[in-house]
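Engineer: Take this structure, written in structure tokens, and hold onto it; I'll ask about it next.
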Amino acid sequence: MNQDHSTGAKKSRLFIVDDHPLVRQGLRQLLELEGDLEVCGEADEPIAAIRGIAAERPDLAIVDISLQCGVEGLELIKDIRSRVPDVPVLVVSMHDEFVLAERALRAGAKGYVMKEEAMETVMTAVRKVLRGEYYISDNVGKKLLAGLIHGQMMMENYPMDQLTDRELEVFHLIGQGLGTSQIADKLHLSVKTVETHRAHIKEKLKLEDANRLLQYAIQWVHTDAASSVNGSGPWQGGAGRP
């Protein structure tokens, strides 16, 4: 924390990771309206994020799940927890919390909040994580509790939960229009490995063929994209949910 010499209070230092400049700008401005918070750094991709967080040692890293073309934020959370374990992570993302909140928590995040939420909700999440607590929405909390009670039944109700993090990443890239070779290059995998992931995804989601997989992936990705255009979060620098 830094000392605020005008009041004598300590300021909590925050680091923002998001690949949309307007979101970073809007979030920075609104966070810094709080007298006890300051943004000590920003990054738009995982490598720069790790370097910046390791150098700055902020009190909190605010991370988006979707960086550039994929869901690299999950791996970034794991890297942060491994390399700078004293820095807590709060995910602020456009992606459906029912799909990704539990994954983010398993990866090491301390909280998950949707970008469509009001700034008051985001600030509640920020302050809870700064206090060493966890933050999830009531809906996610109910889902996690139901999962503990009902187990396999919940997996059937939320089939995306059956995908591994890597399978979800492949699925997301399929929805972005990338072919098998392109996905292999991007993720530094062999074509055969990507084909295996595709087969597992089809099996878990009960999709009969590659065309249905492509349609389903595009629909999933574009639903998030539509949400980003229509998002109503007032803190997003006029950019909507990116």
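The values are calculated or read from the model by the stated rules, or taken from the named source; none is laboratory data. All values derive from a computational prediction rather than experimental measurement. Neighbour counts are summed over all protein chains in view; Cβ atoms, including those assigned to glycine, are modelled from backbone coordinates with ideal geometry.
Engineer: Kindly indicate which of ALA125, ALA109 is closer than 14 Å to VAL63 by Cβ, free of Cβ contacts under 8 Å to residues at least 60 places away in the same chain, touching a strand residue (DSSP E or B) at 6+ places or on another chain (Cβ under 8 Å) and in a helix (DSSP H, G or I).
Structural biologist: Just one listed residue meets the conditions, ALA125.
Engineer: Moving to a separate point now. Looking only at segment 31-85, count every residue that is in a helix (DSSP H, G or I) and at pLDDT 90 or above and tell me the total.
Structural biologist: Selection size over segment 31-85: 20.
Engineer: Any idea how many residues of segment 132-146 are assigned to a loop (DSSP other than H, G, I, E, B) and surrounded by 12 or more Cβ atoms within 10 Å (Cβ to Cβ)?
Structural biologist: Result for segment 132-146: 4.
Engineer: List, please: which pairs have Cβ atoms under 9 Å, are six or more places apart or on different chains, and start with a residue in segment 168-186 that is within 15 Å of GLU75 (Cβ to Cβ) and end with one that is buried (at least 22 other Cβ atoms within 10 Å of the Cβ) and hydroxyl-bearing (Ser, Thr, Tyr)?
Structural biologist: If the second residue must be buried (at least 22 other Cβ atoms within 10 Å of the Cβ) and hydroxyl-bearing (Ser, Thr, Tyr), the pairs left are HIS172/SER66.
Engineer: From the set of residues in segment 94-114 that are crowded, with 24+ Cβ neighbours inside 10 Å and among the small types (Gly, Ala, Ser), which is nearest to THR124 (Cα to Cα)?
Structural biologist: GLY111
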